[in-house]
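See below for the structure under consideration.
Every number in this text was worked out from the coordinates using simple rules, so none of it is lab data. Quantities reported herein were computed from a predicted structural model and do not represent experimental measurements. A quick note on method: Cβ atoms are made from the backbone with ideal geometry, for glycine too, and the neighbour counts reach across all protein chains shown.
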Number of protein chains: 2
Amino acid sequence: MTVSKTDAADSAKASRPTRKEPRNGGPEGAALQLGELSEHLGYALKRAQLKIFDDFLRCVAPLQLTPAQFSVLLLLEKNPGRNQTEIANTLGILRPNFVAMLDGLESRDLCARIRSANDRRSHILVVTDKGRAVLARAKKLVAAKHEARLNALLGPANRAALLAMLATIAREF
Amino acid sequence: MTVSKTDAADSAKASRPTRKEPRNGGPEGAALQLGELSEHLGYALKRAQLKIFDDFLRCVAPLQLTPAQFSVLLLLEKNPGRNQTEIANTLGILRPNFVAMLDGLESRDLCARIRSANDRRSHILVVTDKGRAVLARAKKLVAAKHEARLNALLGPANRAALLAMLATIAREF
DNA sequence: CGATATTTGATATGATGTATAACAATTATC
DNA sequence: GATAATTGTTATACATCATATCAAATATCG
C-alpha cells in the first residue's frame with residue numbers, strides 16, 4: 001500500500017532534551033489514527049514484509065547476502081542441474097533480471113554457469129563449494145537469529161499457522 | 001527474497017497443442033523442489049504480498065488507485081488537518097518521495113494542499129469531495145471483491161488471526 | 001532583539017526492483 | 001531445409017526507495 005523501509009510512526013529520536021512536542025495535554029499533535037487501514041490485510045502484509053526483510057538483512061549481514069540471493073542459493077542446492085530459466089521462473093524472477101543477479105553470485109564464486117552438453121543454449125547452474133559454505137553459514141544465522149526471533153514473538157504454533165496461510169495465499173489467490 | 005510480479009512456477013500457457021514437455025515419465029523436467037525455502041517466512045510473506053497487491057490493483061482498477069494512493073486517501077480522511085510530514089511518516093513514506101505522490105493525487109483533484117495559517121511552512125492536507133467519492137467507491141470495491149475473496153479463501157477467523165499476527169510483526173519485530 | 005538551529009516542503013540524484021522488446025545462437029518442428 | 005521456438009543476454013523504461021541539499025518559515029537561546 002505504501003510503506004517504505006523507513007521508521008514511520010514519527011520515532012522520537014530518543015536523545016533530544018529540548019523540544020516543544022511534550023504538549024501531551026491537548027488532542028492536537030497526537031498520534032494519527034490508522035482507522036480502516038489497520039483492517040486491510042495488504043497494508044499489514046507490506047509492513048510486516050519490510051520488517052522481516054530488514055531483519056533478515058541484518059542477521060545475515062556478515063555474509064553479504066540479500067533475501068533474493070539466499071533464495072537462489074537455496075534453490076540451486078536443492079535442485080542441481082537446472083538452467084537459468086527454470087530457477088528464475090520458480091522464484092518469480094524475470095530472466096533478463098536474473099542475469100545481473102547471477103553475475104553477482106558468480107563473481108563472488110558462490111555459484112557457476114556451466115554450458116549444457118545436451119542443449120548448448122542453456123547454462124546449468126551449480127553451487128560452488130564456497131557457495132555451499134556460505135549458504136550453510138547463512139542457514140545457521142537465519143535459524144539462530146531471524147527465525148528464532150519470530151518464534152519468540154509469535155510462538156511456534158502461530159508461526160506455523162502464519163506460514164501456512166501465507167503459502168495458501170501465494171498459491172491460490 | 002526474490003519474487004517478482006511474474007507468474008513463476010513456469011505456468012504452461014494453457015493453449016499450446018504442440019510441445020515436447022509432456023515427458024512426464026522421467027524424474028527429469030519435473031517441477032523444482034522449493035525445499036527449505038517453503039519454511040522461510042520471508043519468502044512466503046513476499047509472495048503473498050505480491051499476490052495481494054496484484055489483486056488489489058485489479059479490484060480497484062476502474063478507479064486507477066494504487067495501494068499506496070488508497071492508503072493516503074484513507075489516512076487523510078481519518079486524520080484531517082495534518083501536514084505532509086505527519087501523513088508521510090505515518091505511512092512510512094519518505095518526505096521527498098511523498099511530494100510526487102501528492103502531486104499525482106492533487107492533479108486529479110483527489111486531495112489538496114492548503115497552506116497552514118499557524119505555520120506557513122507546512123501544507124495542511126485535505127481530501128476533496130471528489131477524493132471522498134472515489135475513496136468511497138474504492139472501499140466498496142475492495143470490500144466486495146478483494147477482502148471478500150480473502151475471507152472465502154481463509155475464512156473470517158483465520159483472516160483475522162493472520163491480520164493480527166502481521167500487525168504484531170509490523171509493530172514489534 | 002538577533003544569531004543560530006530546526007522544521008517543512010521541495011529538488012536533484014542515485015540505487016534498486018521490475019517489466020518489455022529485441023537479438024544471436026541454438027534447438028525444435030514440420 | 002525452412003520456419004518457429006527457446007535460452008541467455010542486452011538495452012531500456014519505469015516505479016520504488018534513499019540521501020543530500022536547499023529556501024522559506026519557525027523555534028530556540030544568548
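For region B:23-124, a simple Cβ point-charge model (Lys and Arg +1, Asp and Glu -1, everything else neutral) yields a dipole of about 340 debye relative to the Cα centre.
Gyration tensor analysis over the Cα atoms of region A:34-172 returns equivalent ellipsoid semi-axes of 31, 19, 13 Å (largest first, whole Å). My understanding is that a pair violates if its Cα-Cα distance is over 21 Å; which of A:K78/A:K139; A:K46/A:K78; B:K51/B:K130; A:K78/A:K145; A:K51/A:K139; A:K140/B:K51 do that in this structure? Checking Cα-Cα distances, A:K46/A:K78; B:K51/B:K130; A:K78/A:K145; A:K140/B:K51 exceed 21 Å. With the simple model of a label 7 Å out from the Cα in the direction of the Cβ, A:A143 to B:Q64 spans 5.2 nm. Here the spin labels are modelled as points 7 Å beyond Cα on the Cα-Cβ line, and at A:N151 and A:K78 they lie 1.9 nm apart. Evaluated at q = 0.13 Å⁻¹, the base-10 log of the normalised Debye intensity for region B:79-129, with identical point scatterers placed on the Cα atoms, takes the values -0.27. Shielding of peptide B:156-164 by partners, expressed as the average count of other chain Cβ atoms within 10 Å per residue Cβ, is 4. A point 7 Å from Cα along Cα→Cβ stands in for B:A157, and the other copies hold the same point at 1.3 nm, listed in rising order. Here, region B:113-173 is characterised by an Rg to Rh ratio of 1.22, where Rg is the alpha-carbon radius of gyration and Rh the Kirkwood radius.
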